[in-house]
1. Just reorder B:Trp221, A:Trp285, B:Trp53 by solvent-accessible area, largest first, 1.4 Å probe, all chains present.
2. Under 1.5 on a/c is rounded, so check that first for the range A:230-289, then, if it is not, pick prolate when a/b is larger than b/c and oblate when it is not; a ≥ b ≥ c are the square roots of the alpha carbon gyration tensor eigenvalues.
3. Each residue of the range A:67-73 in order: what ³J(HN,Hα) in whole Hz does its phi give by Karplus 6.51 cos²θ - 1.76 cosθ + 1.60, θ = phi - 60°, with x for Gly and Pro?
4. Taking only C-alpha pairs under 8 Å that are 6+ residues apart, what is the relative contact order of chain B in percent?
5. Among the listed pairs A:Lys140/B:Lys155; A:Lys12/B:Lys71; A:Lys43/A:Lys120; A:Lys43/B:Lys7, give every one whose C-alpha distance is greater than 26 Å.
6. Quick check: pseudo-label points 7 Å beyond the Cα along Cα→Cβ at A:Gln275 and A:Arg71, how many nm apart are they?
7. Is the shape of chain B best called rounded, prolate or oblate, per the rule: a/c under 1.5 gives rounded, else a/b larger than b/c gives prolate, else oblate, with a ≥ b ≥ c the square roots of the Cα gyration tensor eigenvalues?
8. For the pair A:Asp116 and A:Tyr283, how long in nm is the line joining their label points, each one 7 Å along Cα→Cβ?
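The values are calculated or read from the model by the stated rules, or taken from the named source; none is laboratory data. All figures in this text were calculated on a predicted structure; none of them were measured in a lab. Positions of Cβ are backbone-derived with ideal geometry, glycine not excepted, and every protein chain shown enters the neighbour counts. Heads up: the accessible areas ignore ligands, DNA and RNA and are worked out on the full protein's heavy atoms, side chains in. Shrake-Rupley method; radii C 1.70, N 1.55, O 1.52, S 1.80 Å.
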Amino acid sequence: MSALATFENLTKRYGSGVAVDDLSFEVPDGQVCGLLGPNGAGKTTAIRVLLGLAEPTSGSTTLLGVPPGHRTFGRAVRRVGTLIEGPALFSRATARQNMQIEADALGLDQSRARIDDLLKLVDLGGRADTRCGSFSLGMKQRLGLAISLMGDPRLVVLDEPTNGLDPAGIVEIRQLIEKLPERGTTVLVSSHLLAEIQLMCDRAAILQRGRLVADGTIADLISGGGNAGFSVRVDPSLTEQTAATLSRAGLRARPGEAGTIDVTGEIENGMAISQPLAEAGIYVWELTPGRADLEQAFLRLTDESDKEETAMKAPADPALAIVGKEAGDAA
Amino acid sequence: MRPELRKLTVLPTPRWTAVATLAAVLIAGLIIAITGAGKDHLALLIGLGMPTWIASVVLGVWMAGLEYGQKTMRRTLTRNPRRIEVVANKLAIAVLAGVGLTVLATLLAIPLFSLASSGHDLKVAAGDTLAVGIGNVANNVIYVVAGFSFGLITKSMAGGTTAALTFFFVIDSLLTEIPKVGDYMLAAVSVEIFQEIVGNDVSQTDLEVNLVRAILVSLLWLAAFVGLGTTRFVKTDID
């Protein structure tokens with residue numbers, strides 16, 4: 001399977017800030033690939049470098065095998081549809097005129113029928129001759145998606161395509177994206193909406209503070225999170241005691257609200273939780289298996305990444321840490 | 001170049017600029033019909049020259065600044081990542097639009113001003129209007145290119161318009177008053193070119209014209225403007 005987009009040790013700095021830090025991953029042909037991360041994780045910056053809109057500080061990217069700046073990059077990028085940080089529309093032009101500008105830019109002739117087909121595909125067939133300045137955000141996003149599909153691209157790069165959409169709009173866009181591989185179009189979609197990525201993507205790369213935290217198929221990412229644990233509910237007055245008991249039993253217990261505790265760790269079945277609690281005289285009100293999903297995996301992976309970063313920043317010798325602290329206190 | 005031509009034809013700013021320019025010429029014609037053309041060819045210089053001059057600055061700034069205002073530059077550059085080619089295409093279409101509108105306004109003014117002035121002692125000759133039109137074409141190319149560059153430098157339509165008008169009305173005009181240095185300002189050399197085309201009588205100026213020097217100085221100014229705008233455009237990341 002060949003890669004339609006690659007990032008190799010990509011770093012992008014703005015002054016002293018690092019937007020993308022040594023990022024390496026690939027977008028395989030024929031798949032819907034997600035770029036996942038919280039706002040400010042570096043997703044949009046990575047995409048802008050990929051498309052030649054921003055210069056990398058170090059490292060490289062390729063689009064359909066061609067790096068930005070190469071003489072054939074123009075040909076490559078014209079085979080890529082894009083929707084970056086919201087639809088780039090001429091608000092005083094109609095939907096059709098916006099698409100005609102795109103068709104002209106791609107050098108497409110006889111584009112009227114193609115434009116009508118794409119507008120119908122995104123459910124804007126009846127609004128083709130309406131100025132898009134009057135469109136709702138959802139309609140603009142759909143028009144942006146239609147524009148990105150002009151010229152039957154090999155790859156579409158969609159940055160937060162469901163931003164600002166209502167639930168029905170999100171479902172519509174997701175269904176459109178899911179169908180694209182059937183048309184021979186590979187998709188790279190960035191989002192901070194974990195559930196959306198899980199539903200529409202075959203694989204995902206998770207970014208945090210510009211660094212790649214994990215990369216793989218959605219199934220691998222979720223299963224890599226281990227079992228999803230259990231949720232235990234006890235008498236709320238016993239929450240702290242329950243958490244302490246479970247910790248002593250070698251499990252990770254995170255107290256929540258109203259006597260609920262999320263328990264993770266080496267848990268073969270519910271007995272691993274109920275037994276130590278029964279021995280401590282705590283009776284379980286509810287014991288519910290946790291749901292294994294991308295959200296759980298994301299939280300675990302980003303949490304691990306945080307811990308690693310903290311450990312790397314901390315001095316190797318604990319004595320030095322104390323000396324440092326004392327020095328700080330003295331100051 | 002096709003997408004830039006499409007933007008010029010489908011977006012409203014160029015259309016309204018053309019409407020306002022032609023309306024200004026019509027109003028000038030109406031005033032000539034009522035009060036006469038006045039002395040010193042003011043009707044020609046203000047009724048035809050001024051509207052096309054302002055329109056040229058607006059069209060130049062618009063062609064560059066439009067993409068920043070609409071946040072469409074990233075879309076334009078993902079269709080053609082060769083940024084210098086994008087600048088060249090946009091500049092060519094902006095010059096075409098500025099020249100086209102000046103020609104259109106001149107073609108309207110030639111019969112209109114003649115007819116409007118026919119009932120008065122001082123007539124506006126068709127030949128004089130044509131000469132002013134040709135002089136305007138030469139000058140307006142300068143203003144389109146400068147306006148376009150200011151749009152690129154400021155990355156904004158409003159900022160580009162303000163910068164261009166400030167330069168022409170304040171900075172350039174003031175510096176023209178400095179002896180010797182003033183001879184090399186854009187306002188000074190563009191008046192020389194204009195006078196050479198339309199003649200002393202119509203231009204109402206009596207400068208010692210060195211046409212080659214005036215053209216060279218104009219080209220140097222434009223090269224500096226375009227160079228600065230293009231460098232900023234090529235070297236900076238696109239939001």
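1. A:Trp285, B:Trp221, B:Trp53
2. The shape class here is rounded.
3. x, x, x, 5, 5, 9, 4
4. Reported as a whole number, the value is 25 percent.
5. Numbers: A:Lys140/B:Lys155 24 Å; A:Lys12/B:Lys71 22 Å; A:Lys43/A:Lys120 30 Å; A:Lys43/B:Lys7 31 Å.
Flagged as over cut-off: A:Lys43/A:Lys120; A:Lys43/B:Lys7.
6. Simple spin-label model gives 7.2 nm for this pair.
7. Oblate, since a/c reaches 1.5 and b/c is not below a/b.
8. 7.3 nm
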